[in-house]
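To start, the structure under review is shown below, and the notes come after it.
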Amino acid sequence: MQPKNYSGNKTKKRDFHNWKNKVEQVFSLIKQTIYFEQRKDDIFPREFDKTNNKRLIRSEYEKSLYFKNHKVQRTDGFELHHIVPLSWAENLIQFKLLDEWRNMLYIDGFNHAKITQNQNRNVCLSNNNETLILSDFKGNNIILEKDQNVLYSNVHLEAMLCYNKQLLT
């Protein structure tokens with residue numbers, strides 16, 4: 001469907017543009033569902049874990065967006081952590097909301113283990129300048145110093161703080 005292949009005036013070429021707009025709209029809607037994920041410029045059905053039909057595989061695209069947006073390189077000893085854990089999702093829509101780059105932090109393995117030992121309760125993200133604080137609802141804090149325990153870009157910090165607040169309300 002190339003407009004140059006259509007002869008005639010602008011009215012005869014309008015069908016091509018209507019078709020193109022409709023297709024783009026359909027693909028945009030498909031990307032927003034939990035059943036599909038975008039990888040680069042392509043859309044694929046989201047994969048389920050073969051051992052547990054209810055569990056979805058985490059989105060590689062969202063992981064790559066974290067590294068791209070924060071301009072972070074993969075580093076030994078660091079792990080990508082979901083601030084609000086995926087296990088909190090009660091349905092597919094919630095899973096997709098939680099498996100989002102704004103709900104992730106690239107933290108050192110030691111602090112990741114501390115969060116895991118606290119049963120992933122450190123879900124409240126706050127900051128004190130460039131220091132990030134992950135708190136649970138009992139006042140237990142994990143302190144993450146930028147470029148030491150956590151790798152992120154200040155450019156996206158406010159978006160991450162707002163997204164965290166939205167997820168928890």
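The values are calculated or read from the model by the stated rules, or taken from the named source; none is laboratory data. Being a predicted model, the structure only gives us computed values, none of them experimental. Heads up, the Cβs are rebuilt from the backbone with ideal geometry, glycines too, and the neighbour counts pull from every protein chain shown.
I need a count of the residues in the stretch 145-165 that are outside any helix (DSSP H, G or I) and of a type in the set (D, E, K, R). Please lay out each step first, then the result.
Here is the first cut: in the stretch 145-165, the residues outside any helix (DSSP H, G or I) are 145-153.
If we keep only those that are of a type in the set (D, E, K, R) as well, we get 145-147.
Selection size over the stretch 145-165: 3.
Could you list, in sequence order, the residues of the stretch 109-120 that are in contact with an Asp or Glu (Cβ under 8 Å, 6 or more places away or on another chain) and not in a helix (DSSP H, G or I)?
Asn118
Does the stretch 34-55 include one or more residues that are assigned to a loop (DSSP other than H, G, I, E, B), of a type in the set (S, T, N, Q) and at pLDDT 75 or above? Before you say what the answer is, go through the steps one by one.
Going residue by residue through the stretch 34-55, those that are assigned to a loop (DSSP other than H, G, I, E, B) are 34-35, 40-41, 46-47, 49-55.
From what is left, the residues that are of a type in the set (S, T, N, Q) are 51-53.
Next cut, at pLDDT 75 or above only: none.
Scanning the stretch 34-55, I find no residue that is assigned to a loop (DSSP other than H, G, I, E, B), of a type in the set (S, T, N, Q) and at pLDDT 75 or above, so the answer is no.
Within the stretch 76-87, identify whether any single residue is in a helix (DSSP H, G or I) and of a type outside the set (D, E, K, R), and answer yes or no.
yes
Go through Asn127, Asn103, Asn69, Asn141 for me and flag whichever is modelled with pLDDT of 95 or more and exposed (fewer than 14 other Cβ atoms within 10 Å of the Cβ).
On the way: Asn127 fails: exposed (fewer than 14 other Cβ atoms within 10 Å of the Cβ); Asn103 fails: exposed (fewer than 14 other Cβ atoms within 10 Å of the Cβ); Asn69 fails: exposed (fewer than 14 other Cβ atoms within 10 Å of the Cβ).
Exactly one residue qualifies, and that residue is Asn141.
Within the stretch 88-107, which residues are under 21 Å from Val155 (Cβ atoms) and either part of a helix (DSSP H, G or I) or of a type in the set (Gly, Ala, Ser) (or both)? Let's see the steps before the verdict.
Pass one, the stretch 88-107, residues under 21 Å from Val155 (Cβ atoms): 100-107.
Of everything in the stretch 88-107, those that are under 21 Å from Val155 (Cβ atoms) and either part of a helix (DSSP H, G or I) or of a type in the set (Gly, Ala, Ser) (or both) turn out to be Trp101, Arg102, Asn103.
Check whether at least one residue in the stretch 106-116 is surrounded by 19 or more Cβ atoms within 10 Å (Cβ to Cβ), in contact (Cβ under 8 Å) with a residue 60 or more places away in the chain and in contact with a His (Cβ under 7 Å, 6 or more places away or on another chain), and report yes or no.
no
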